Amino acid sequence: MADGFDLRDEPWIPVCWVDGASTWVGLRELFHKAHEIADLELPVPPAASGLVRILAAMTARIARDEQGVGLDDGDTAEEITEWIDLRGRILAGRCFRPRAVDAYLDEEVPVGSLNLFDPVRPFLQDRRLRAECVDAQGAPNPSGVNKLVFGRPTGVNGAVLFGHFTDGDPVSVTAAEAAWHLIAQLYYGPSGQCTPRRITEVRAGSTDAGPLRKAVSFHAWAPDLFTSLVLAVPVPDRGVDAEVSDECPWEAPAPADPLAAPAEPAWPGRLLTGRFRHSVLLVPSENRTAVVDAYVTWSTHEPRHTVWDPYVILDRDREGQLRVREADGRRAVWRDVDALLLMDGSHSTVRPPSLNHLPPPLRSRLSVRAYGFHQDGKQTDTTWFEATTPPVLQWQEEADPLMARHLARCHEAAEDVGARLDYAARLAWKVATDAGVAADAKVKLDRRRPGPWAEVASRRYWPAAEREFWRMATPQRCDNPPLLPLIEAALVALDEAIGPVNRADIRVARARNRARAALRALLRAAA
């Protein structure tokens, strides 16, 4: 401990074992016993999202078949079918080989680079920041521990989300928690103003957003962590070049040159861990058990490489351009299920490549884990979330086209009813409060004045719609039209929004009947 915080053996990753017990482990124990671990339990979803990518990159190095061929073998990756066969053999082994784990952690990774406070090569950090992040007088100019920890306010206008902290009286975090937020910053950090960094005569003080900022990512999730991590290694692209060097940041002998063009995001290591736009350096306490300060600044201003993360949904806009589906804290994960099940080309979305080519024998046990961080593109963080679906990947279109299309219809119907409910609630408010339009066949609504009922009705409807969705998510109901139960849920939500006291008013009663008729009109349209 005196020399640092060694992530290989220090307990810093909360996990849940298959027997239900919870504890913290280091990287070595996590890989040695991954087949006995049920899940990760990091309380910071953006950190868990980044950690899954880091662990997947390590898994590609560690996971080997009986002949010693690893998942990152470039020659095997040139033929997708051969690589999938290799993955099947590794999955059949049901655990990581301890010798391969120790060989990677102790021999293949440079000394100190998995140590959070190593004086030369700290994990995912750049020790040069201590000399480059200085004020006009040349004194150290750290960013503060509050800048590192998501959810803490910084400056004078920061929102208090998870506790009362101020820059004038910072509170240190444990080394383990600092590791989580280090990872979260690198993947989800903000753009805009940051601590200035002087490398040339220019003292630049702005940064680009992290590679996952605003994103929600989806991962095939199995009952044990070993299977989840092996499936997390993305299937290689057909254009994999076995000759291209593929170093993760902790595998490189030195940090990247911030003034040079970033290395191409080769498969799988740099694709998952080599696209950071921030640079961080933690300042430890004297006993190396906590972090008392931090430098958070830019790592490069060079243009990004055009590459898609393998765990995100891509949506096509009206011009046919692909865009990453953004995280929305108000949107439940079941509303994305159809995009995870339908094959590319049969939908207006592109399924995350990590969910392609899943092993058929495992499909019935595979859920989807979602990690999202509702943010804007710059500095504002709203909320983060983690969610896990039931085992829906058994119904992917290539395996069960009837169920995949049935669930897509159910989701589409839920969205249609939700949109019609919003209209109906706004219509009811307008008719009930404006006597001049009560008899009009067509009522012009002002979106700037929706009234109070629309928001309340939406809050009531979507949880009920989710319950109906999962009731319909069975092969026995594959041929049942989904509209009727969803409309019934919307009618109940509308009544709850209007309230029984208001319904006693004759004008409100007439407005309610008109709104209910607008909802029921969906059934006539479908017929």
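The values are calculated or read from the model by the stated rules, or taken from the named source; none is laboratory data. Only a predicted model underlies this, so the values are computations on that prediction, with no experimental measurement involved. Glycine gets a Cβ as well: all are built from the backbone with ideal geometry, and neighbour counts include every protein chain shown.
Do the conditions hold for residue 110, that is, is it farther than 17 Å from residue 226 by Cα, buried (at least 21 other Cβ atoms within 10 Å of the Cβ) and of a type outside the set (S, T, N, Q)?
It is false that residue 110 is farther than 17 Å from residue 226 by Cα, buried (at least 21 other Cβ atoms within 10 Å of the Cβ) and of a type outside the set (S, T, N, Q).
Out of curiosity, is residue 84 among the β-branched types (Val, Ile, Thr), within 18 Å of residue 219 (Cα to Cα) and surrounded by fewer than 21 Cβ atoms within 10 Å (Cβ to Cβ)?
Yes, satisfied.
Among the candidates 30, 42, 55, which residue alone is part of a loop (DSSP other than H, G, I, E, B), closer than 19 Å to residue 175 by Cβ, modelled with pLDDT of 95 or more and under 23 Å from the mean Cα position of the chain (by Cα)?
Criteria check complete, one pass: 42.
Which one of these does residue 364 not meet: (1) over 25 Å from residue 89 (Cα atoms); (2) outside the structural domain of residue 40 (by TED's automatic domain parsing)?
It fails just one condition, (1).
Taking the conditions exactly as written (β-branched (Val, Ile, Thr), assigned by TED's automatic domain parsing to the domain that holds residue 194, surrounded by fewer than 20 Cβ atoms within 10 Å (Cβ to Cβ) and in contact (Cβ under 8 Å) with a residue 12 or more places away in the chain), does residue 273 satisfy them or not?
In short, no.
Out of contact with any strand residue (DSSP E or B) (no Cβ under 8 Å at 6 or more places or on another chain) and β-branched (Val, Ile, Thr): is that true of residue 456 in this structure?
Details: out of contact with any strand residue (DSSP E or B) (no Cβ under 8 Å at 6 or more places or on another chain): yes; β-branched (Val, Ile, Thr): yes.
Considered against the rule, which asks whether it is out of contact with any strand residue (DSSP E or B) (no Cβ under 8 Å at 6 or more places or on another chain) and β-branched (Val, Ile, Thr), residue 456 comes out as yes.
Just to be sure I understand, how many residues within the stretch 315-335 are closer than 21 Å to residue 46 by Cα, touching a Lys or Arg at 6+ places or on another chain (Cβ under 7 Å) and not in a loop (DSSP other than H, G, I, E, B)?
Total satisfying the criteria: 1.
Identify, please: which residue in the stretch 153-181 is hydroxyl-bearing (Ser, Thr, Tyr) and either outside any loop (DSSP other than H, G, I, E, B) or exposed (fewer than 14 other Cβ atoms within 10 Å of the Cβ) (or both) and is, among those, modelled with the highest pLDDT?
Checked the stretch 153-181; the qualifying residue modelled with the highest pLDDT is 174.
Identify, by number, the condition in (1) of a type in the set (Gly, Ala, Ser); (2) in contact (Cβ under 8 Å) with a residue 40 or more places away in the chain; (3) within 13 Å of residue 230 (Cβ to Cβ) that residue 77 doesn't meet.
(3)
Quick one: which of 521, 490 is assigned to a helix (DSSP H, G or I) and surrounded by fewer than 19 Cβ atoms within 10 Å (Cβ to Cβ)?
Numbers: 490 fails: surrounded by fewer than 19 Cβ atoms within 10 Å (Cβ to Cβ).
None of the others qualify; the one that does is 521.
Considering only the stretch 278-291, state which residues are in a loop (DSSP other than H, G, I, E, B) and either closer than 16 Å to residue 123 by Cα or among the hydrophobic types (A, V, I, L, M, F, W, C) (or both).
288, 289
Applying the selection to the stretch 490-520, what residues are closer than 13 Å to residue 420 by Cα and in contact (Cβ under 8 Å) with a residue 60 or more places away in the chain?
The first filter runs over the stretch 490-520 and keeps only residues closer than 13 Å to residue 420 by Cα, leaving 490-491, 493-494, 514-520.
Result: 490, 493, 494, 514, 515, 516, 518, 519.
Looking for something in a helix (DSSP H, G or I), over 30 Å from residue 190 (Cα atoms) and of a type outside the set (D, E, K, R) - is there at least one such residue anywhere in the stretch 364-382?
Checked the stretch 364-382: at least one residue is in a helix (DSSP H, G or I), over 30 Å from residue 190 (Cα atoms) and of a type outside the set (D, E, K, R).
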